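Worksheet for the structure shown next.
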Amino acid sequence: MDAPDNHSAWSALEAHYATVRDTHLRELFAKDAERGERLNAEGAGVFLDYSKNRVTGETIKLLLNLAEASNLRGRIEAMFTGEKINVSENRAVLHVALRAPADASILVDGKNVVPEVHATLDKMTAFGDRVRSGEWKGHTGKRIRNVVNVGIGGSDLGPVMAYEALRSYSRRDMTFRFVSNIDGTDFAEAVIDLDAAETLFVISSKTFTTLETMTNAHTARAWLLGKLKSDETAVAKHFVAVSTNAAEVSKFGIDTANMFGFWDWVGGRYSMDSAIGLSTMLAIGPVHFTQMLLGFHEMDDHFRTTPFADNLPVLMGLISLWYNDFFGAQTVAVLPYEQYLKRFPAYLQQLTMESNGKHVQLNGKAVEHETGQIYWGEPGTNGQHSFYQLIHQGTRLIPCDFIAFIKTRNPLGAHHDILIANVFAQGEALAFGKTPDQVKAEGTPDWLVPHRVFEGNRPSNTLLVDELTPAALGKLVALYEHSVFVQGVIWNIDSFDQWGVELGKVLAVNIIPELDATQGEMGAPLAHDSSTNALIRRYRTQKEN
Ligand code: F6P
């Protein structure tokens, strides 16, 4: 497959970069009194202020040219219409179908997938209502009060992030826990205070073969049956599955009537609004879940139909690429000023880095530009008292995405105004800093001045949304999903496969039997490199002491 020829658009940006790389944001704002009013965009109720970025009108024009030259329009349509754009797995990429209205038609191999999506949503709703109303009883006749989602990666990060984000909409008389890690501590701590008779396990795994999830699922089954002193018959009332793999689900012992399906065209990291969201629906209820889907869909529509110059995911994707590929920035800090979004950066790490951490193009040739920024972050204001020092005065350029909400779910005195004052202040401080003259004018002794200078010129986006509702969460997630897509198109990579996770999985499976201390050197000789061999021997010996 030939890559679109966007070379001259890249070259134009390189030439432009040479002329603007040293321009300070102070200068850009001083030259244009309206800059803060102009360089923003609004879509689906999300407001993006991108004026505090190291861009001029010409930069944006050239970045938009790059998007056009990369056939972004064509690729958006290809995704939305079910073309198999995940070329290395020969799959369509249709998370947008998960939130399409019931009367939409999206064809995969000639079949409209939307009716199946809505049939699954109806099944989730019916089940959710039964559990939440207490009609669904556990094996001993008690109602379900605890829900434990067992999954990892996309089968965990979305559900846990959404649960935390929408906690204020959740059933407070129910407990929700999430088990992902193969480390037994995760399971042990998740169930330590739960009554098995009131506990429902949602085993979430697209493949139903993932080592961590299947190990945890078997441990959960043993725990439940042990606690209830029951035979296998209890499984039906306490285990449901979310998967694409019915055969493995029934092999595990879960009745496929209690299975909620999805499809190979939903990537794990794009699945929180599929049946993988079952725990979310159990927590917040079907009505709020539907509102979340509507929010996703609104952003999908914005992305598909809005001219690129006003298109939030396009602008955010391009601006982030500008720092990554021209300024050499390696990371992006995502800084939600909203405690409920505390797991949002972790969620985005899989979305962004599993999607765009790629070294070859769609045609198998090496990429021509750096791909895949490192995403990280923590909620404000906590981060301000931790790593912000490096963002303000360190030697690295770290573009920041600030996320804030006009209204809080918990209006307590002046807290929210103080919170918002802080997020605005950080953007201002990063952009404009403090000059040596300003520092001196404050009476600072000369020797101390360099320490107290803030260079500024550190870029940020500010996303402002009315309130963290289910719909707002859907919009934010879709915004980042599509922004990842925009960058993947320009780099001409497959943002929807994840071959890079395979090797470690295979090697771990080889090593598991080698850790058996009874084998010692009696078993087959270790055949790894000398470092790995020595680590295995040390572990084998010392675990017996
Ligand atoms: O190891 C990576 C991965 O394949 C992710 O892409 C995926 O979200 C996760 O594992 C879990 O996979 P599954 O839902 O099949 O258990």
For this session: Determine the alpha carbon to alpha carbon distance for each of Lys505/Lys543; Lys251/Lys543; Lys123/Lys227 and list only those over 32 Å.
Result: Lys251/Lys543
Exercise. Which net charge results for the neighbourhood of Lys84, defined as the other residues with beta-carbon distances under 10 angstrom from its beta-carbon, given Lys and Arg at +1 and Asp and Glu at -1?
Worked result: -2
Problem set entry | Length added when fully stretched, Trp136-Asp417, from 0.36 nm per residue minus Cα-Cα | 96.8 nm
For this session: Rounded, prolate or oblate: pick one for the stretch 6-51, where a ≥ b ≥ c are the square roots of the eigenvalues of its C-alpha gyration tensor, a/c under 1.5 means rounded, and failing that, prolate if a/b is larger than b/c, else oblate.
Result: oblate
For this session: Round to a whole angstrom and tell me the spacing of the C-alpha centers of the stretch 352-397 and the stretch 466-545.
Result: 19
Problem set entry | Degrees between helix 57-69 axis and first principal axis of the chain (Cα, 0 to 90, nearest 10) | 40
Seminar exercise, completed: Env charge @ Arg143, Cβ radius under 15 Å, K,R +1 / D,E -1, value +2
Problem set entry | Computed label-point distance, nm, for sites Leu448 and Trp499 using a 7 Å Cα→Cβ extension | 5.8
Seminar exercise, completed: P(r) of the stretch 379-530 over all Cα-Cα pairs, 10 Å bins starting at 0, rounded to whole percent, reads 8, 21, 22, 18, 16, 11, 4, 0
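Work out the length of the dipole vector of the stretch 1-149 about its Cα centre, built from +1 on the beta-carbon of each Lys and Arg and -1 on the beta-carbon of each Asp and Glu, and round it to the nearest 20 debye.
Working: 21 positive and 21 negative charges, 212 e Å.
Dipole magnitude for the stretch 1-149 comes out near 1020 debye.
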For this session: Could you tell me which of rounded, prolate or oblate describes the chain, using a ≥ b ≥ c as the square roots of the eigenvalues of the alpha-carbon gyration tensor, with rounded for a/c under 1.5 and, failing that, prolate when a/b is larger than b/c and oblate otherwise?
Result: prolate
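Roughly how compact is the stretch 26-81, stated as its Cα Rg over 2.2 N^0.38 Å to two decimals? Could the numbers behind the result be given before it?
Numbers: Rg = 14.5 Å, N = 56, 2.2 N^0.38 = 10.2 Å.
Ratio of Cα Rg to 2.2 N^0.38 Å: 1.43.
Which length gain, in nm to one decimal place, applies between Thr435 and Ser8 when the Cα-Cα distance is subtracted from 0.36 nm times their residue separation?
On the way: separation 427, 0.36 × 427 = 153.72 nm, distance 3.82 nm.
Stretched fully, the Thr435-Ser8 segment lengthens by 149.9 nm.
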Seminar exercise, completed: Where a ≥ b ≥ c are root eigenvalues of the Cα gyration tensor, a/c under 1.5 meaning rounded, otherwise prolate if a/b exceeds b/c and oblate otherwise, the stretch 341-392 counts as oblate
Exercise. How much mean residue ellipticity at 222 nm does the chain get from its helices, if each DSSP H run of length 4 or more adds -39500 (n - 2.57) and you divide by all residues, to the nearest 500 deg cm²/dmol?
Worked result: -13500 deg cm²/dmol
Exercise. Taking θ as phi - 60°, what are the ³J(HN,Hα) couplings along the stretch 405-420 by the Karplus curve (6.51, -1.76, 1.60), each to the nearest whole Hz, with x for Gly and Pro?
Worked result: 10, 5, 10, 9, 7, 10, x, 10, x, 8, 3, 5, 4, 5, 4, 6
Exercise. Counting Lys +1, Arg +1, Asp -1, Glu -1, what net charge surrounds Phe208 among other residues with beta carbon under 10 Å of its beta carbon?
Worked result: +1
Problem set entry | Whole-number accessible area per residue in Å² for the chain, which is evaluated in the context of all protein chains at 1.4 Å | 43
Problem set entry | Inter-centroid distance (Cα atoms) of the stretch 22-76 relative to the stretch 148-204, Å | 40
Exercise. How would you rank 437-446, 315-324, highest first, on the average number of other Cβ atoms within 10 Å across their residues?
Worked result: 315-324, 437-446
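The values are calculated or read from the model by the stated rules, or taken from the named source; none is laboratory data. Predicted model only: the values in this text are computed from it and were never measured. Don't worry about glycine lacking a Cβ; one is built from the backbone with ideal geometry, like all the others, and counts go over all protein chains shown. Accessible surface is based on the protein model in full, side chains and every heavy atom, while ligands, DNA and RNA are left aside. Shrake-Rupley method; radii C 1.70, N 1.55, O 1.52, S 1.80 Å.
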